[in-house]
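Right, one structure below, let's go through it.
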2 protein chains.
Amino acid sequence: MPVGTLASVKGVSQDVLEELGVEILLANTYHLYLRPGIETVRQMGGLHRFMAWDRAILTDSGGFQVFSLTGLRKVSEEGVAFRSHLDGSPHFLSPEKAMEIQIGLGADIIMAFDECTEYPADAERARASMELTLRWAARCKNYFEANKYEVPWSNDALLRRPLGSGARPRLDGAEPRRHTDATQALFGIVQGGMDAELRRESAVRTIDIGFPGYAIGGLSVGEPREVTREIVLSTLEHLPADHPRYLMGVGTPEEIAQYAQSGVDMMDCVLPTRAARHGLLFTSEGKVSIKQARYAQDENALDPACECRVCQRYSRAYLRHLYASNELLAQVLNTVHNLHYYLATMRTVRAWIRGGHTSAQR
Amino acid sequence: MPVGTLASVKGVSQDVLEELGVEILLANTYHLYLRPGIETVRQMGGLHRFMAWDRAILTDSGGFQVFSLTGLRKVSEEGVAFRSHLDGSPHFLSPEKAMEIQIGLGADIIMAFDECTEYPADAERARASMELTLRWAARCKNYFEANKYEVPWSNDALLRRPLGSGARPRLDGAEPRRHTDATQALFGIVQGGMDAELRRESAVRTIDIGFPGYAIGGLSVGEPREVTREIVLSTLEHLPADHPRYLMGVGTPEEIAQYAQSGVDMMDCVLPTRAARHGLLFTSEGKVSIKQARYAQDENALDPACECRVCQRYSRAYLRHLYASNELLAQVLNTVHNLHYYLATMRTVRAWIRGGHTSAQR
C-alpha cells in the first residue's frame, strides 16, 4: 500500500497510480486531521471523493504519528494529549476520537487506536502497553459499531445530505461511491513488544474482541531485523488465516516478498516513496544511488529488467541530472519507478502463491 | 513554448507534455552549460536523446540569463565574463562560444547571442547595444555556418561515433533522430530598446545578415505593457512574413492571443509554469489563487470550461489542500492545468487564423 500521507502520494497523480496498478493507498489520519481537517473531508463526501480516488484507502489511527511526537505528547488511560508539529496547538486523541475521525474520513479500512510500544521496553512496560491497547481496542469497536453509519458515503449519510450539495459525479461519468448498507472495516492491532508470549496473548485477546482483519503493529521501531522476523512469524501463527493479516510499516523489497510468502497479506512502508525522493532507487541489480557521478553519462536504462515508464524512456544520465539539479521531475520519476518495483514484486509473489511455490501456511 | 529550463518542465514528465500537445520546448543554454554540462549532453547524443524528447526544442543563447546576473558579469566586445550563480566560478560567453554550446546541445532552433538592452536605456546606449548585437549576430552566423555539422545528430557526427556507443534506440522501438543533411536553424534577434526607428534599423540589418527566422528580444524588461505592444507591432512590419517571427519572453494568455493574431508565430514565457508553482491558475473565469481559504470546501472543478485532466478529475478543495500543504502534486497539477490553458488558447488562435478571423497581415 503506497503511502499517501496527506491524501497524495508525493508528486504522483492518481491517474499514474492507477496505471501503476495501485489498488489501495494508505493515508495518515494525524496529518489529515491537521490539514485539511476532518470537517472539510467529511463535507466533500469523504477521502475518496476529496482526492478523486475510487479504489481502496486505508487510514491508520493516528496513534503512531502521535507517539512519534515524543516531546509533544502525554499518554493517559483516556488517550493522548499532543501538540501539532505544525503550530504547537494542543489536541487530544482517544480511541473514540480516532474512530470519529476515521469514520469522517471514510476510508475502506480503518485501524484501531493503539499504543505503539516503544523500543526497547522491559517486560512490565510491554505488558502494560499491550493491556492498554486491548482496552482501547474494545473502546474503538464499541464506538465504531454505534457510529459506523455516519461514514459520509453510507446510504444513511447520503440520504441526509441537502439537495444540491449531493455527490458530484465525476466529470468523466464515473459514478460516485454509493454503498447501500456497506460501512468500513475496522482492523485490530496486535502489540506485545518483542516478547513472543505477550504477542500470542495480545493476538488471542484481540481476536476475542473480534475484528474483520488484524494488524501486527509496534515493529520496525529500532529492533534488529532478525527480531522483527521472529516476532512476525510467531505472531502469524496466532492470527486466523481467513482474515486479512496486515504487517504495519514494513519493508524493503526483499522483506515484503519474504513476509508475503510467509502469510502476510498487506503491508505499508514509506520506504519506496521516501527513498525515491532521496535518489535511492531499487532495481533488479541492487540499489542505485542515482546522484552518483558514475551515472552522469550512463545512457542505459535505470533497470534493464524493469518495464515501468521511467525505465522504458529515460537514461540514468538524465535521472542523475534531474536529481543533482534538484528538479521536481526527479521526485516524480524516482517515485514512479520505486512504486512499480514494489508492486511488481508483489505481483510476482502472488503468482508464486497461485502456483503453489510458497511456504505460506494457508 | 513551455520553458524546460534544465531539460525538464518542472514536475511534468515528457509523456504528459506529449499528451498536452506540446510540440516544442524551450531549454536554457546558460543553465544546461552549468548542469549537466555540454559535454555530457553531447556524449548522450544531444538534448533530445538526453531528455527523451523527440519533438522540437529551442535553446536560447544564454545571453539573457547572463545579463540577468548583473553584479556577476562584465561585457566587452569579445563577449561576457560572468560568474556562475551556483558556485561563483568564472566563465566566458561569446558569440562563438554560444554557438559551440548550442550546436553541442543540438536543439532544432538556436538563438544568436545578443545583448539584451537594459531598461531604461537612452538613445546612445540603445544604439550602441543594438550595434553590438549586430556585430555579434554576424559572428554567430559565421561560426555556425563553419561548424553546424558538429551537431550530435547530424549524419557526419553519427558516422564518427565509435561502434557500440552509438544511438541507443528507444526501448519502445522509436527510431533515434537521424537527419542526413539536416542541421539546426539559427535565428537572429532584433534589439533597439524602446525606439521604433532603432528597432526598424535593427530588423533591416539583421535580415541583411540573413537568418531562417527572427526574434524580437529585449522586451518585457520592465517597460509598460503599452510600450511593449507598440514596439512589437511596429517591429513586426519589418520582419518578413514568410519566416517565423518569435517574440521572446511574453506573455499572459490575453497577450499571447493578441500577439499571435497580430502576426507573431512563436512565444515563450515562464509565466504559466512559474505562476502554477505559486498557486496562480489561469481559468476561463479569470485568475484563481488556489491557496485562498474560500476554496477549502469548493467541490467544483478549477475551471468548468477546461478539458484538461486536472479539471476533469480534481476539485478546487483538493487543489487548495495540496498547495496549502506544500505537496509536490500541487506543483504538478497546477502546471499541467496552466500549460493546457496556454496551449488551448493557442489552438483557438490557430483556428481563428484558419477561419480568417484575424487582423494578422500575412
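Which residues, counting only those in segment A:71-95, are closer than 16 Å to A:A137 by Cβ, free of Cβ contacts under 8 Å to residues at least 40 places away in the same chain and surrounded by fewer than 16 Cβ atoms within 10 Å (Cβ to Cβ)?
A:E78
Within segment B:169-199, track down each residue that is of a type in the set (G, A, S) and either outside any helix (DSSP H, G or I) or at pLDDT below 75 (or both).
Across segment B:169-199, the qualifying residues are B:G173, B:A174, B:A182, B:A185, B:G188, B:G192, B:G193.
Can you name the number of the only condition in (1) part of a loop (DSSP other than H, G, I, E, B); (2) more than 8 Å from chain A (Cβ to nearest Cβ) that B:Q297 fails?
(2)
Specify which of the listed residues (A:I24, A:I38) is out of contact with any Gly (no Cβ under 6 Å at 6 or more places or on another chain) and surrounded by fewer than 21 Cβ atoms within 10 Å (Cβ to Cβ).
Going through A:I24, A:I38 in turn, the sole match is A:I24.
Restricting segment A:26-46 to residues that are of a type in the set (A, V, I, L, M) and over 19 Å from A:F113 (Cα atoms), which is farthest from the chain's Cα centre (by Cα)?
Selected residue: A:M44.
Suppose we keep only residues that are of a type in the set (S, T, Y) and at pLDDT 95 or above within segment B:219-238. Which one would you say is surrounded by the fewest Cβ atoms within 10 Å (Cβ to Cβ)?
If we take residues in segment B:219-238 being of a type in the set (S, T, Y) and at pLDDT 95 or above, then B:S234 is surrounded by the fewest Cβ atoms within 10 Å (Cβ to Cβ).
If you go through segment A:285-308 one residue at a time, how many are without any contact (Cβ under 8 Å) to a residue 24 or more places away in the chain and charged (D, E, K, R)?
Total satisfying the criteria: 5.
Checking B:A344 against (1) in contact with a strand residue (DSSP E or B) (Cβ under 9 Å, 6 or more places away or on another chain); (2) of a type in the set (A, V, I, L, M, F, W, C); (3) part of a helix (DSSP H, G or I); (4) within 16 Å of B:S284 (Cβ to Cβ), which single condition isn't satisfied?
(1)
Quick one: in segment B:179-218, which of the residues that are without any contact (Cβ under 8 Å) to a residue 40 or more places away in the chain and among the charged types (D, E, K, R) is surrounded by the most Cβ atoms within 10 Å (Cβ to Cβ)?
In this case the residue turns out to be B:R199.
If you check A:R309 against the conditions, is it out of contact with any Ser or Thr (no Cβ under 9 Å at 6 or more places or on another chain) and at the interface with chain B (Cβ under 9 Å from one of its Cβ atoms)?
no
Could you please give the count of residues in segment A:239-272 that are closer than 23 Å to A:C116 by Cα and either crowded, with 18+ Cβ neighbours inside 10 Å or at pLDDT below 95 (or both)?
20
Conditions (1) more than 17 Å from the chain's Cα centre (by Cα); (2) assigned to a helix (DSSP H, G or I), marked per residue:
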residue: A:T235; (1), (2): yes, yes
residue: A:L239; (1), (2): yes, no
residue: A:R274; (1), (2): no, yes
residue: A:K287; (1), (2): yes, no
residue: A:C311; (1), (2): yes, yes
residue: A:Y323; (1), (2): yes, yes
residue: A:A330; (1), (2): yes, yes
residue: A:L333; (1), (2): yes, yes
residue: A:N338; (1), (2): no, yes
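Would you point out which residue out of A:T348, A:T358 is more than 8 Å from chain B (Cβ to nearest Cβ) and at pLDDT 95 or above?
Just one listed residue meets the conditions, A:T348.
Within segment B:320-337, which residues are hydroxyl-bearing (S, T, Y) and at the interface with another protein chain (Cβ under 7 Å from one of its Cβ atoms)?
The one that is hydroxyl-bearing (S, T, Y) and at the interface with another protein chain (Cβ under 7 Å from one of its Cβ atoms): B:S325.
Kindly evaluate A:A157 against the criterion of being out of contact with any Leu (no Cβ under 6 Å at 6 or more places or on another chain) and within 29 Å of A:G193 (Cα to Cα).
Spelling it out, it is not the case that A:A157 is out of contact with any Leu (no Cβ under 6 Å at 6 or more places or on another chain) and within 29 Å of A:G193 (Cα to Cα).
Sort through B:Y323, B:Y342 and tell me the only one that's of a type in the set (S, T, Y) and farther than 30 Å from A:G37 by Cα.
Of the residues listed, the single one that is of a type in the set (S, T, Y) and farther than 30 Å from A:G37 by Cα is B:Y342.
The values are calculated or read from the model by the stated rules, or taken from the named source; none is laboratory data. Bear in mind the structure is a predicted one, so any value in this text is a computation, not a measurement. All Cβ positions, glycine included, derive from the backbone under ideal geometry; neighbour counts span all protein chains shown.
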